[in-house]
Amino acid sequence: TPYSAYPSLLGVTPSKDGYAEYGVYPKTVDLSWAQGAVPTPAGSIEVRWARTDGDASFALTVIAPERYVGDIAVPTLGADRTIAVDGKIAWRKGAAVNGFAAERSGAYIVFKGMRGGHTFAWATR
């Protein structure tokens, strides 16, 4: 079910005034994709995500002003996942790898201290 999203569906929330620090916790519910932008004093935080039928893959792109710091949560959709950030493996077998800072938080893997634009993705084999 496609949907052009509101900030609550995109999961963008400020953790400091003016979004200088923010979080992105996508609310996938029963949707196959969502996209939108949240205005901030330094420019928009853009979020788009999509998942394929049967949850075979998931991709999340977040683009934010470079001076902002974000915690980006990637939904695991009920399974252990190997997650890549910009094509580089960043989470494997329950732990962050390759210099990334990440932790499990419920049904999400949260990548800490991200700046600028990044794409987070996983796929089943």
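The values are calculated or read from the model by the stated rules, or taken from the named source; none is laboratory data. Values in this document were obtained by computation on a predicted structure and should not be read as measured data. Note that we place each Cβ from the backbone using ideal geometry, even for glycine, and neighbour counts take in every protein chain shown. Heads up: the accessible areas ignore ligands, DNA and RNA and are worked out on the full protein's heavy atoms, side chains in. Shrake-Rupley method; radii C 1.70, N 1.55, O 1.52, S 1.80 Å.
Under 7 Å between Cβ atoms, at least 6 apart or on separate chains: pull out the pairs that start in the range 103-115 with a residue that is over 12 Å from residue 24 (Cα atoms) and end on any residue that is in a strand (DSSP E or B) and open to solvent by less than 50 Å² (accessible area, probe 1.4 Å).
From residues that are over 12 Å from residue 24 (Cα atoms), the pairs are 103/110; 105/73; 107/75; 115/69.
Considering only the range 95-125, how many residues are over 25 Å from residue 65 (Cβ atoms) and in a strand (DSSP E or B)?
Qualifying residue count, the range 95-125: 4.
Look at the range 78-94 and say how many of its residues are in a loop (DSSP other than H, G, I, E, B) and either exposed (fewer than 13 other Cβ atoms within 10 Å of the Cβ) or acidic (Asp, Glu) (or both).
Result for the range 78-94: 7.
Where residues in the range 59-77 are assigned to a strand (DSSP E or B) and of a type outside the set (Val, Ile, Thr), which of them is nearest to residue 20 (Cα to Cα)?
Restricting to residues being assigned to a strand (DSSP E or B) and of a type outside the set (Val, Ile, Thr), the top hit is 70.
Keeping to the range 47-75, report how many residues are under 23 Å from residue 116 (Cα atoms), in contact (Cβ under 8 Å) with a residue 40 or more places away in the chain and in contact with a strand residue (DSSP E or B) (Cβ under 7 Å, 6 or more places away or on another chain).
Total meeting the criteria: 16.
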